[in-house]
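Undergrad: I am attaching a structure below and will ask some questions about it afterwards.
The values are calculated or read from the model by the stated rules, or taken from the named source; none is laboratory data. Since the model is a prediction, treat every value here as computed from it, not as a measurement. Using ideal geometry, Cβ is built from the backbone for each residue, glycine included, and neighbour counts are taken over all protein chains shown. Heavy atoms of the whole protein, side chains included, go into the accessibility calculation; ligands, DNA and RNA do not. Shrake-Rupley method; radii C 1.70, N 1.55, O 1.52, S 1.80 Å.
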Amino acid sequence: MTAVDVPQLVAQAREGRPRAVARLISLVEGASPQLREVMAALAPLTGGAYVVGLTGSPGVGKSTSTSALVSAYRKAGKRVGVLAVDPSSPFSGGALLGDRVRMSDHASDPGVYIRSMATRGHLGGLAWAAPQAIRVLDAAGCDVILVETVGVGQSEVEIASQADTSVVLLAPGMGDGIQAAKAGILEIGDVYVVNKADRDGADATARELNHMLGLGEARGRHDWRPPIVKTVAARGQGIDEVVEALEKHRAWMDERGVLAERRAARAAREVETIAVTALRARMADVHGDAQLGALATRVAEGDLDPYAAADALLASLTEG
């Protein structure tokens, strides 16, 4: 792989050049040997973007809602980045690019950067490189970063650990009313959106959500109570109310220090993930090692328990 001039690439990304931003994200996705240099260069430039995650079951209108939010933020003069996480192609391993096609109205806008990312087998609705890609868009000067998850259902809760504010979308007539009583994706929202509200059952879905929130943890007078907003994203109806709810949540977090706490927790998870990944790589290096084979034989023969064997292996890795 040809080495790139990282300082120059970062400077170009700060100027808003989309090809430079794309190149940096590609370095992230490809786990480039220069990734450490890239992250070191970006670190002082991050922290200014507001990260909004959008999640929900397939068919609720996540891409349409994301596109409508982009339009609303652009009208307010904000520079917007979009990470649309698509399912991986079973053939190439790449993203299927469906979200990017549906947001083609913004393709020619220099104030909008849209990137489709493949999950590459990563569970939880996000791509494994999403945290670093968010850093790239943040450092590139995006005021708002919209992260649209892949849409895999109730287990898609990882976005709550990567976004400043999580938006959960539902739609009437898709079984979401029943799901509102269950644990999982419907417990992570800071803002709930009932999209396709022109359909029958929208009011009932909103009522069930409101009932669910009422049954949740006891909230004090100053605690955040997630609002429920009804939209018809395809026509832009209710989108201004969603933006208003997002800004209220951001102001509430700023006032109480919650935003800083969430970002610190996000950074802690990112550091932990990098450390665990490095440890796994070192484990792979010794997988065929004689010591591992010897320990495995002793465990199989009952001479050593697996925990003691693991301790011995970890000790050798630490010493190495």
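Undergrad: Only one of R280, R250 is assigned to a helix (DSSP H, G or I), charged (D, E, K, R) and surrounded by 13 or more Cβ atoms within 10 Å (Cβ to Cβ). Can you tell me which?
TA: R250
Undergrad: Out of all the residues in segment 64-78, which are open to solvent by less than 10 Å² (accessible area, probe 1.4 Å) and either among the hydroxyl-bearing types (S, T, Y) or within 17 Å of V194 (Cβ to Cβ) (or both)?
TA: S65, T66, L69, Y73
Undergrad: For segment 212-224, name all the residues that are at pLDDT below 90, in a loop (DSSP other than H, G, I, E, B) and surrounded by 10 or more Cβ atoms within 10 Å (Cβ to Cβ).
TA: If the condition is that a residue be at pLDDT below 90, in a loop (DSSP other than H, G, I, E, B) and surrounded by 10 or more Cβ atoms within 10 Å (Cβ to Cβ), then G216, R219, D223 are the ones that fit.
Undergrad: Looking only at residues that are among the aliphatic types (A, V, I, L, M) and farther than 14 Å from V191 by Cβ in segment 44-59, which one is surrounded by the fewest Cβ atoms within 10 Å (Cβ to Cβ)?
TA: Among them, the one singled out is L45.
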